[in-house]
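The values are calculated or read from the model by the stated rules, or taken from the named source; none is laboratory data. Quick caveat, the model's predicted, so the values are computed rather than measured. Here Cβ is always computed from backbone atoms with ideal geometry, including for glycine, and neighbour counts include all displayed protein chains. Keep in mind that these areas ignore ligands, DNA and RNA; they rest on the heavy atoms of the full protein, side chains included. Shrake-Rupley method; radii C 1.70, N 1.55, O 1.52, S 1.80 Å.
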Amino acid sequence: MDNILEVKDLCGGYGEIRVLKGVSVSMKEGSVTAFVGSNGAGKTTLMRLLAGLIPVSEGHVTLNGTVLNKLAPPDRLALGLSLVPEGRMVFPDFTVADTLRMGAYAPHAREGWRDRAEQMYELFPRLRERKSSQAGYLSGGEQQMLALARSLMSKPRVLLLDEPTLGLAPAMVKELFSILSDIQKTGVTIGLVEQNVHAALSMADYAYVFEDGHVAFEGIGSEMLASPAVKAAYLGIDDAA
Ligand SMILES: Nc1ncnc2c1ncn2[C@@H]1O[C@H](COP(=O)(O)OP(=O)(O)O)[C@@H](O)[C@H]1O
Ligand SMILES: [Mg+2]
């Protein structure tokens, strides 16, 4: 498998504040890559840099051989990179159906949007039930599914999700992970920022642990979970406790 996304020596942040201090990560086509680490470690900042929401100050981001550094978010979307941001960000007044349609707004995604919306209702039966409801009236879990479905409407090759399970009930977390696994089976490459370390590493082919703006540890998700030393040192999981 080739790397569809490559990030090399990436630095960036907010104005004078440099949050990421030389981050190199890659994602293999069709894989799931997890990004974990404590609050404030820089995971969301990485997602914003990848999506083009904040500028790269050093290093580069390459998608399928194309350097993205100077490209605006819509251009990255057209190349197949889509971010489901932290906090979902669905418009509360839009209905579920309109939100899906809006997800296919980019020129490359317009053709066949009705068929794709139908596929979304197959993948997320809850959304079909709530088709005509305004997004603001959905539960947190349903809103997360809607945000995810909206992203899929843009036909991403690489789907990035920032804390998709935050605040969701355990049953909903399970349902969401199962849907992510279905999405992976369709060939979409997934990048997952998660505080739910165990679930994320169980699903991930490869994982990066962030600390203070850099990658402190990386490896195969299942191997990391199998190592008490790695868990204690990097994941805040103490088996002896
Ligand atoms: N909009 C912002 N302006 C200034 N600093 C920010 C902003 N957003 C995040 N930060 C800072 O960047 C650092 C990394 O934050 P973030 O990327 O959100 O971490 P994580 O997602 O891993 O919790 C933190 O110190 C945070 O305070
Ligand atoms: Mg975050």
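Tabulated values for the structure
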item: Charge tally in the Cβ shell below 12 Å around Arg88, where Lys, Arg are +1 and Asp, Glu are -1, Arg88 excluded; result: -3
item: Ser24 long-range amide H proximity, modeled H, under 5 Å; result: Asp9, Leu10, Val215
item: ³J(HN,Hα), Karplus 6.51/-1.76/1.60, whole Hz, each residue of the range 96-108, x for Gly, Pro; result: 4, 4, 5, 5, 5, 4, 5, x, 9, 5, 4, x, 5
item: Hull-based mean projected area of the range 56-99, where the convex hull spans the alpha carbons, in square nanometres; result: 4.5
item: On Cα atoms only, tilt of 113-123 relative to the major axis of the chain in degrees; result: 60
item: Extension gain (nm, one decimal) between Arg114 and Ser139, 0.36 nm per residue minus Cα-Cα; result: 6.5 nm
item: Formal net charge of residues neighbouring Arg128 (Cβ-Cβ distance under 11 Å; K, R +1; D, E -1); result: 0
item: Built amide H within the under 5 Å cut-off of Leu79, gap 5+; result: none
item: Residue with peak Gaussian network fluctuation, the chain [Cα springs, cutoff 10 Å], from Ala104, Ala204, Ala226; result: Ala226
item: Semi-axis lengths, Å, the range 1-129, gyration tensor of Cα atoms, sqrt of 5 times eigenvalues; result: 29, 17, 15
item: DSSP loop GluC sites (Glu not before Pro) with at most 12 other Cβ within 10 Å excluded, longest remaining stretch of the chain; result: 112-241
item: Values of log10 I(q)/I(0), in the order q = 0.12 Å⁻¹, for the range 120-241 under a Debye, Cα-only, solvent-free model; result: -0.51
item: Of the trypsin sites (Lys or Arg not before Pro) in the range 95-177, those whose Cβ has at most 15 other Cβ within 10 Å and which sit in DSSP loop; result: Lys131
item: Within the accessible area of the range 193-241 (1.4 Å probe), percent carbon and sulfur; result: 53
item: Note, ³J(HN,Hα) from phi for the range 38-52, Karplus 6.51, -1.76, 1.60, rounded to Hz, x at Gly and Pro; result: 5, 4, x, 6, x, 5, 5, 4, 4, 4, 5, 5, 5, 7, x
item: Bins of 5 Å, starting at 0 and running to the largest distance - Cα pair percent for the chain; result: 1, 7, 14, 18, 19, 17, 12, 8, 3, 1, 0, 0
item: The range 1-79, accessible surface, carbon-and-sulfur percent (1.4 angstrom probe); result: 50
item: Å² of accessible area per residue within the range 100-144, as computed with a 1.4 Å probe and no ligands counted; result: 60
item: Principal-axis tilt of helix 170-185 within the chain, Cα atoms, nearest 10 degrees; result: 90
item: Under-5 Å amide H pairs with Leu5, H placed in peptide plane, nonlocal only; result: Met27, Asn64
